[in-house]
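**Student:** Please find one structure pasted underneath; my questions will follow.
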Amino acid sequence: MSSNRPDRRSLRTRLVAGQLGLVALVCAVVAVATLLALRAFLVGQLDTQLAEASHRGIVFVQHPGDGPLPPPPINAPGQRDGTVTGLLGSDGSVYDATRLTRGTGRAHVLDGAQIAALRDVPATGVPVTVDLPGLGSYRMLASTTVRGNVLVTGLPMSDTQDILLTVGLIMGGVMVSAMAIAAVAGTALVRRTLRPLHEVADTARRVTELPLHRGEVVLPARVGTAEPDPRTEVGQVAAALDRLLGHVGTALAARHASETRVRQFVADASHELRTPLAAIQGYAELAGRAERVPPDVAHAIGRITSESRRMGTLVADLLLLARLDAGRPVERAPVDVTRLVADAVGDARVAGPEHRWRLELPAEPVRVLGDQAQLHQVVANLLANARTHTPAGTAVTTRVSAVDGGIVLAVNDDGPGIPAHLLPEVFERFARGDGSRSRAAGSTGLGLAIVAAVVQAHGGVVTAASVPGRTTFTVALPHSQPAHSGGTTPPQGVPRPSGHDSHRTASRP
Ligand SMILES: Nc1ncnc2c1ncn2[C@@H]1O[C@H](COP(=O)(O)OP(=O)(O)OP(=O)(O)O)[C@@H](O)[C@H]1O
Ligand SMILES: [Mg+2]
């Protein structure tokens, strides 16, 4: 059924259309009622005139009593122009059938068809409407004379019809004007009434565009100012949305406070752990230097040394992440990326002599503004991954290129690739492949999280693409990151990722 079909027109269009429909209906009812009443009134008036004219005719033909009929035309004095008079014998004879011509006052004889129409008028003394061929509509009244003849008298309805037509046209004009006014005024009125609703929608839209899932969120101004009266429907919607925004704001503030507390706790804990860890490492080293230590004790001391070193790295990683999360601005010193990458690949070559290390650098050194140590860690983490998560003999190519507005660093390897299930969340904290190889290598799953956090803090973008035999991490960094690192345009060469967190993405080519 059509009533179930959704109406795609806007609320404004529907309201104005409904309003116009109503105005048209009311105008039509008023016009029809007026015309019917006017017609009844005019016809009644005409019938009174007709009764008088018929009476004059009867008096004229019956005068003088039983004497002979007056000679045709039977033209009673006082009849108005256009009056039709017919005196018809009961035997079918026609004594007279004429029409007074307008203006001249002379009589015109009616033709056969018109006389036949006169005959059809019932001699009841009640007026009827008759169509006289060639002459139009007539109100006619037939009465029987004392001699038994039928006197038919008729008055033209043309005047009545003219008046009705004129009034009809005037009403039509009024109706069109009323609809035009209703359309213009209605549109303006509906637009004004619905304006607060647009502001409600606007506010809701602005809230949906906010990154609600992290950081401190400032919700937009309340909508209640647009339509503060809660008695109106729009006011109720605005008040409900405001209450909702209030709750959401409180929840987000609580979330932010708890995140800040956790971050602070991690930062404090990591910081506090550094001193005892350093002490453990120091004592372990000291104990390791002692002579004549039984082999099992020497093994235990070796394990203490390596595990405490690993824990030191972990604590340092956690501290760095906590600091980056806190949104501390990074140092902005010129960093020679060419040199930094060359050094890092040199270190990787020493650490992984069984891999094939390739380096492609631009002819001119390229620089960015940033934190040298942090950027070094980015490259080192990517190279460490290419070494630890691929078998010996894997070729690892590190490429640096200058692009418009910044640099692009790509680390590519032809190893087995990142497991498909891991790829979408490879930049998440503690996300790691569960291969025994990773565990054995002391993997914690923080390396890429640090890469993503550092790159984001530098206003850049990092992406991962991986299929077996081809894994590429691409880092795009602007020459200088803005003071506030969020919302930057990354340099060309790396597609701007979609989603909330614009600085990390993983993709499979
Ligand atoms: N080049 C690569 N080839 C194959 N898998 C990779 C590669 N780089 C990363 N991965 C996978 O992604 C996971 C996450 O890497 P990430 O560097 O974050 O942690 P990790 O290397 O396991 O530990 P950490 O770097 O903290 O010592 C790894 O465990 C590994 O499974
Ligand atoms: Mg790693």
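The values are calculated or read from the model by the stated rules, or taken from the named source; none is laboratory data. Everything quoted here is computed from the prediction, not taken from an experiment. When we count neighbours, we look across all protein chains shown, and the Cβ atoms used for this are built from the backbone with ideal geometry, even at glycine. What goes into the accessible areas is simple: the full protein's heavy atoms, side chains included, and nothing from ligands, DNA or RNA. Shrake-Rupley method; radii C 1.70, N 1.55, O 1.52, S 1.80 Å.
**Student:** Does Ala107 fit the bill of being hydrophobic (A, V, I, L, M, F, W, C), surrounded by fewer than 16 Cβ atoms within 10 Å (Cβ to Cβ) and either free of Cβ contacts under 8 Å to residues at least 40 places away in the same chain or touching a Ser or Thr at 6+ places or on another chain (Cβ under 8 Å) (or both)?
**Tutor:** For Ala107, the condition - hydrophobic (A, V, I, L, M, F, W, C), surrounded by fewer than 16 Cβ atoms within 10 Å (Cβ to Cβ) and either free of Cβ contacts under 8 Å to residues at least 40 places away in the same chain or touching a Ser or Thr at 6+ places or on another chain (Cβ under 8 Å) (or both) - is not met.
**Student:** Taking the range 126-161 only, how many residues are open to solvent by less than 10 Å² (accessible area, probe 1.4 Å) and part of a loop (DSSP other than H, G, I, E, B)?
**Tutor:** Here the count works out to 1.
**Student:** Ok, one more. Looking at Ser10 and the list (1) farther than 28 Å from Arg195 by Cα; (2) open to solvent by 50 Å² or more (accessible area, probe 1.4 Å); (3) modelled with pLDDT under 90, which single condition is not satisfied?
**Tutor:** That leaves (1) as the condition not met.
**Student:** Looking at Ala123, is it surrounded by 12 or more Cβ atoms within 10 Å (Cβ to Cβ) and outside any strand (DSSP E or B)?
**Tutor:** In short, yes.
**Student:** Also: Conditions: (1) at pLDDT 90 or above; (2) assigned by TED's automatic domain parsing to the domain that holds Val29. Asp81 meets all but one. Number of the miss?
**Tutor:** (1)
**Student:** Same structure again: Identify all residues within the range 380-395 that are surrounded by fewer than 20 Cβ atoms within 10 Å (Cβ to Cβ) and near ligand 2 (Cβ under 8 Å from one of its atoms); write none if there are none.
**Tutor:** Those that are surrounded by fewer than 20 Cβ atoms within 10 Å (Cβ to Cβ) and near ligand 2 (Cβ under 8 Å from one of its atoms): Ala384, Thr388.
**Student:** Consider the range 162-179. How many of its residues are surrounded by 15 or more Cβ atoms within 10 Å (Cβ to Cβ), over 16 Å from Asp47 (Cβ atoms) and among the hydrophobic types (A, V, I, L, M, F, W, C)?
**Tutor:** Qualifying residue count for the region: 5.
**Student:** Taking the range 214-253 as the search range and keeping residues that are under 21 Å from the mean Cα position of the chain (by Cα) and in contact (Cβ under 8 Å) with a residue 40 or more places away in the chain, which one is most open to solvent (accessible area, probe 1.4 Å)?
**Tutor:** Val237
**Student:** Turning to a different aspect of this structure: Among the residues of the range 180-213, count how many are open to solvent by 60 Å² or more (accessible area, probe 1.4 Å), more than 18 Å from Ser10 (Cβ to Cβ) and modelled with pLDDT of 90 or more.
**Tutor:** Number of matching residues: 1.
**Student:** Looking at Ala300, Ala342, Ala287, Ala333, which is the one that is open to solvent by less than 50 Å² (accessible area, probe 1.4 Å), closer than 23 Å to Thr390 by Cβ, away from ligand 1 (no atom under 16 Å from the Cβ) and free of Cβ contacts under 8 Å to residues at least 40 places away in the same chain?
**Tutor:** The match here is Ala342.
**Student:** Out of Leu369, Leu382, I need the residue that is within 16 Å of ligand 1 (Cβ to nearest atom) and either closer than 21 Å to Ala449 by Cα or assigned by TED's automatic domain parsing to the domain that holds Ala476 (or both). Which one?
**Tutor:** Leu382 is the lone residue from the list that is within 16 Å of ligand 1 (Cβ to nearest atom) and either closer than 21 Å to Ala449 by Cα or assigned by TED's automatic domain parsing to the domain that holds Ala476 (or both).
**Student:** Does Val368 satisfy being more than 15 Å from ligand 2 (Cβ to nearest atom) and among the hydrophobic types (A, V, I, L, M, F, W, C)?
**Tutor:** Answer is yes for this residue.
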